[in-house]
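Participant: First the structure, then my questions, so here it is.
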Amino acid sequence: MICNRHRAISILFGYDPALLDYLFTSSRQGLARPASTLVREAALIGQAAPVQVAVALDFWDGGRRSRLADVTRLLDAHRYDCFIAALEYYVAAGAGACRCHRCSQRRPKTQKTVAKRVALLPGTPSFEEDTNVRA
Ligand SMILES: [Zn+2]
């Protein structure tokens, strides 16, 4: 089964093999290097590359590295179109709940992390508070 996260990243990169080779190992099963190194050294590829890599890593692990301001400021028209297409695919395909072998294995940890983050956001009602509002 094709990984939806991987597909979203391919769309984001405009299927550029150089960027895909930069991000992933040759087997495409994992990241070529630590995420922080990938973002930092992407500047050597070009001005837009760190932004593209940060967004790709967010698709990959939900790490919240990318900033929308950087996306709109630093991506040219073609790369921005790819970003929008990737985002549309990610949402439509439910890539956050990808059922490929790799994503299925790591899902419990990812869901726990996301749930914890949402719970920490200011103004996030707890389940009990939500129930009270409806009562
Ligand atoms: Zn997957």
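Participant: Before anything else, pin down the relative contact order of segment 4-105: Cα pairs under 8 Å, at least 6 apart, normalised by residue count, whole percent.
Facilitator: 37
Participant: Within segment 1-49, list the trypsin sites (Lys or Arg not before Pro) lying in a DSSP loop whose Cβ has at most 16 other Cβ atoms in a 10 Å radius. Intermediate values should be presented prior to the final figure.
Facilitator: Numbers: sites: ARG5, ARG7, ARG28, ARG40; in loops: ARG28.
Counting only loop positions with at most 16 other Cβ atoms within 10 Å, the trypsin sites (Lys or Arg not before Pro) in segment 1-49 are ARG28.
Participant: Tell me which residues come under 5 Å, amide H to amide H, from PHE24 once H is placed; ignore anything under 5 positions away on its chain.
Facilitator: Amide H neighbours of PHE24: ALA32.
Participant: For ARG65, what residues show an amide H to amide H distance below 5 Å, using hydrogens built from the backbone and excluding near sequence neighbours?
Facilitator: Counting only residues 5 or more places away or on other chains, the set is ASP58.
Participant: Would you mind classifying segment 4-105 by shape? Square roots of the alpha carbon gyration tensor eigenvalues, ordered a ≥ b ≥ c; an a/c under 1.5 is rounded, otherwise it is prolate if a/b is larger than b/c and oblate if not.
Facilitator: Because a/c hits 1.5 or more and a/b fails to exceed b/c, segment 4-105 counts as oblate.
Participant: Right, something else. Report ³J(HN,Hα) in whole Hz for each residue of segment 73-90, in order, from the Karplus equation J = 6.51 cos²θ - 1.76 cosθ + 1.60 where θ = phi - 60°; Gly and Pro get x.
Facilitator: 7, 9, 8, 6, 4, 5, 5, 5, 4, 5, 4, 5, 4, 5, 5, 4, 5, 4
Read-outs throughout are calculated quantities, based only on the coordinates presented, and are distinct from any laboratory measurement. These numbers come from a predicted model, not from an experiment. Glycine gets a Cβ as well: all are built from the backbone with ideal geometry, and neighbour counts include every protein chain shown.
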